[in-house]
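Take a look at the structure below.
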Amino acid sequence: MSLFIDSFIEDVGLSRSLVSWLYTAATVLGSLALPLMGRLVDRWGPRRMATLAVGLFALSCAGMGQAGGWIGVFVGFVCLRCFGQGTLGLINNHAVNLWFEQRRGLAVGILGLGMAGATALFPPLIEEGIQAYGWQRTYLIMGGILAGAVLPLGALLYRDAPERYGLSPDRENAASETEAPETEAPETSAPEESGLEESGPETGAASEDEGKAQAETRGETQGESRDTQCGSRDASAVGGIEPGVAYRTRTFWLFTGAGVYAAGLGTGLLFHHFSILEEAGIGRDLAAEFFIPLGVLTAALNVGTGWLVDRYPPRLLLAAELVLYGALTGLLPWADTTTEVWAYGSVFGIAQGMHQALLGSVYAYYFGRLHHGTIRGLANTVFIGGTAIGPALLAVGPDFLGGFAAILWILTPVPFLLGAAAFAGWAAGWDAATLQWAR
């Protein structure tokens with residue numbers, strides 16, 4: 001989107017501040033539709049929703065190319081944010097979570113490489129288009145590519161839950177579901193994950209017999225919901241707790257709160273990046289080198305953390321991620337050498353990569369697949385709210401506190417407190433009686 005900002009200023013006659021506020025407001029407004037989109041994904045499945053979302057995204061690009069005033073730009077921003085990164089990001093994450101259980105974390109981590117690759121590939125191509133054809137025609141071209149290439153690919157390749165096709169998600173013992181499940185989940189004997197939660201998603205595996213027994217206790221209401229979602233497949237095949245129950249768990253709000261903090265802080269640090277390092281005495285050339293370790297380690301930790309999620313409790317990994325964010329804000333004001341700038345980029349990249357992989361898989365991990373789209377949709381709306389307030393919160397530092405250092409130090413205790421809560425949740429087995437029904 002940033003590639004088009006100057007065009008809106010020069011050709012549409014908008015000020016930079018107005019464009020910024022329009023984009024911020026549109027981001028928040030567009031995110032409010034994500035809970036509804038999540039419910040529709042649960043009901044209609046990824047294929048139909050992806051086809052619909054890509055079609056609306058293509059129309060949004062075409063419409064943006066016709067924007068002639070602030071109203072048109074604002075409506076275009078809302079549609080692009082809602083149907084693009086918002087809805088399509090939700091659908092992609094949901095589709096992968098539907099098909100993976102044993103290796104869900106790794107699959108979601110690999111999915112994150114798509115955004116990293118797109119960030120490297122598409123901005124230069126879009127800039128070439130703007131220079132060659134102008135911004136209006138470039139938007140029309142992008143809409144045409146979406147409609148002509150991405151939409152048919154989505155219609156052909158997206159799939160609903162594997163149970164609909166007589167299959168099951170990947171499992172370590174998928175070929176022989178009736179064998180003893182103890183070999184699949186050695187963590188079940190660990191005292192740290194005690195109680196009912198040990199047979200739930202914290203172990204990363206569950207037997208078919210356990211799933212059937214749990215399904216019988218859920219009753220006919222959930223079975224009817226599954227029949228509506230997946231047609232003729234076995235109503236007890238896909239596990240998951242109701243969204244209203246998930247929203248009342250401490251586990252949901254722990255990860256959602258951590259997600260808001262990470263999204264807001266990350267957006268704010270990138271938004272004010274050059275100003276923060278300038279305050280520490282770093283020039284623009286050296287400050288730009290920060291993006292090298294950031295990009296490499298974000299991509300690497302996306303996959304690496306996904307691999308870890310399949311083997312270790314996510315709440316422990318969340319605690320480690322939050323400690324990194326705390327160290328980041330606490331030490332950043334002192335970064336004034338090349339080594340320290342590269343260290344800053346490295347720690348930021350590790351934390352960001354861990355954040356993306358964790359938040360991409362934990363909602364299905366803890367709450368199951370049946371209502372994953374709905375639950376994830378609400379979480380995404382809250383996350384996007386964090387990205388909207390992050391830059392404004394950090395701006396309080398230079399505006400009222402004499403610099404960025406003060407506001408960064410004020411924020412430093414927050415991730416440590418959240419990390420302590422994550423560790424406590426792991427040790428105490430939060431919501432064990434609820435999370436056992438996720439499968």
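The values are calculated or read from the model by the stated rules, or taken from the named source; none is laboratory data. Model, not experiment: these values are computed from the prediction. Backbone-built Cβ (ideal geometry, glycine too); neighbour counts: all protein chains shown. Only protein heavy atoms, including side chains, enter the accessible area calculation; ligands, DNA and RNA are left aside. Shrake-Rupley method; radii C 1.70, N 1.55, O 1.52, S 1.80 Å.
Miscellaneous remarks
- Heavy-atom accessible surface of segment 89-135: percent carbon and sulfur, 1.4 Å: 70 percent
- Restricting the calculation to alpha carbons of segment 1-127 gives Rg and Dmax of 16.3, 53 angstrom.
- Solvent accessible area, Å² - ARG39, 1.4 Å probe, full protein context: 120 Å²
- Surface per residue (accessible, 1.4 Å probe) for segment 1-133, Å²: 47 Å²
- THR339-LEU121 pseudo-label distance in nm [points 7 Å out on the Cα-to-Cβ vector]: 3.9 nm
- If R0 is 30 Å, the Cβ-Cβ spacing of GLU289 and ALA420 corresponds to a FRET efficiency of close to 0.35.
- Two-decimal ratio, segment 65-115, of alpha-carbon radius of gyration to 2.2 N^0.38 Å: 1.61
- Kirkwood's formula applied to the C-alpha pairs of segment 24-67 gives a hydrodynamic radius of 11.6 angstrom.
- With the simple spin-label model, which puts each label point 7 Å out from Cα in the Cβ direction, the ASP170 to LEU393 separation comes to 3.5 nm.
- Comparing Cα centroids, segment 27-55 and segment 254-276 end up 25 angstrom apart.
- Compactness of segment 285-382 was expressed as the Cα radius of gyration divided by 2.2 N^0.38 Å, which yields 1.23.
- For segment 312-434, dividing the convex hull volume of the Cα atoms by the residue count gives 115 Å³ per residue.
- In range of the label at TYR133: residues from segment 31-75 whose backbone nitrogen is under 16 Å from the point 7 Å along Cα→Cβ: 58-67
- For segment 262-305, the spread of Cα coordinates along the three principal axes comes to 34, 22, 12 Å, biggest extent given first.
- Global dimensions of segment 305-360 from alpha-carbon coordinates: Rg and Dmax equal 12.5, 38 Å.
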